[in-house]
Amino acid sequence: MESLKIAHYPEKILLAVAKPVTEFDADLRRLVENMFETMYVAGGVGLAAPQVFESKRLFVMDCARNEEDPRKFALINPEIIHVEGEQLGEEGCLSFPGLFQNVKRQLRAVVRYQNLIGDFQEIEVENLEARCVLHETDHCDGIVFLDRMTPLKRQMAKQKIKRLQKTGEWD
Ligand SMILES: [Zn+2]
């Protein structure tokens, strides 16, 4: 396993719609393993393929933050088929190091996806896992969490990014 380089905003690949996965082969399994490794090393709970410079519709997540009892999911070609409720909470993104901001998301979601061998599956998620699924599926569509902030918060976030870029703390 290897830890992959993470794309930081405003890398172009983060703002582009990713391509559907059509090959469920060893390369895909290796990518997923490396994405889990990258996510754990970086301390995140979710990571989408465009964040590691791969234009593919897939992401990994583990919101348990518990080595003993992980909740590892790899969702390929995810499609949100139902949402309900609302939650407001702090959100971060490995492509926006050090930036945390309140974002409104749905409370529950049902997502249809393919597993590593291409079988179609569905899971129902809520709370942090719902936030993660919605955030990571957005990455597959070239949408970043800045786009989900209120205009005022987005403006503040962009100013903070500019400051960090100037001091070289953001590359
Ligand atoms: Zn993200």
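Per the Debye formula on identical point scatterers at the alpha carbon atoms of region 18-108, with no solvent, log10 I(q)/I(0) at q = 0.11, 0.13, 0.23 Å⁻¹ is -0.36, -0.50, -1.33.
Shown in residue order for region 50-59 are the 3J(HN,Hα) couplings computed by the Karplus curve 6.51 cos²θ - 1.76 cosθ + 1.60 at θ = phi - 60°: x, 6, 10, 6, 10, 7, 9, 7, 6, 8 Hz (x for Gly and Pro). Considering only Ala26, Ala109, Ala16, the Gaussian network model of the chain with Cα springs below 10 Å gives its largest mean-square fluctuation to Ala26.
Residues whose amide H falls under 5 Å from that of Leu99, counting only those 5 or more places apart or on a different chain, are Cys93, with hydrogens built in the peptide plane. Listed by chain and number, the lysines placed with their C-alpha closer than 21 angstrom to that of Lys104 are Lys153, Lys158, Lys160; residues fewer than eight positions away on the same chain are left out. Along its principal axes, region 132-171 has C-alpha extents of 32, 23, 15 angstrom, given from the largest down. Annotation for Ile123 and Lys153: the two label points, set 7 Å from Cα along the Cα-Cβ direction, are 2.4 nm apart.
Of the DSSP H helices in the chain, those with a Cα length along their own long axis of 18 Å or more and a mean Kyte-Doolittle hydropathy reaching 0.0 comprise 26-42. Taking the square roots of five times each eigenvalue of the Cα gyration tensor of the chain, the equivalent ellipsoid has semi-axes of 24, 19, 15 Å, listed largest first. Shown is the FRET efficiency for Glu84 and Asp171, computed with R0 = 30 Å from the Cβ-Cβ distance and rounded to the nearest 0.05: 0.15. Using the average count of surrounding beta-carbon atoms within 10 Å as a protection proxy, the listed peptides 27-36, 83-92 rank, highest first, as 27-36, 83-92.
Values quoted throughout were computed directly from the atomic coordinates according to the rules given, and no laboratory measurement underlies them. The shown structure was predicted, so the numbers you read here are calculated from the model rather than taken from an experiment. Positions of Cβ are backbone-derived with ideal geometry, glycine not excepted, and every protein chain shown enters the neighbour counts.
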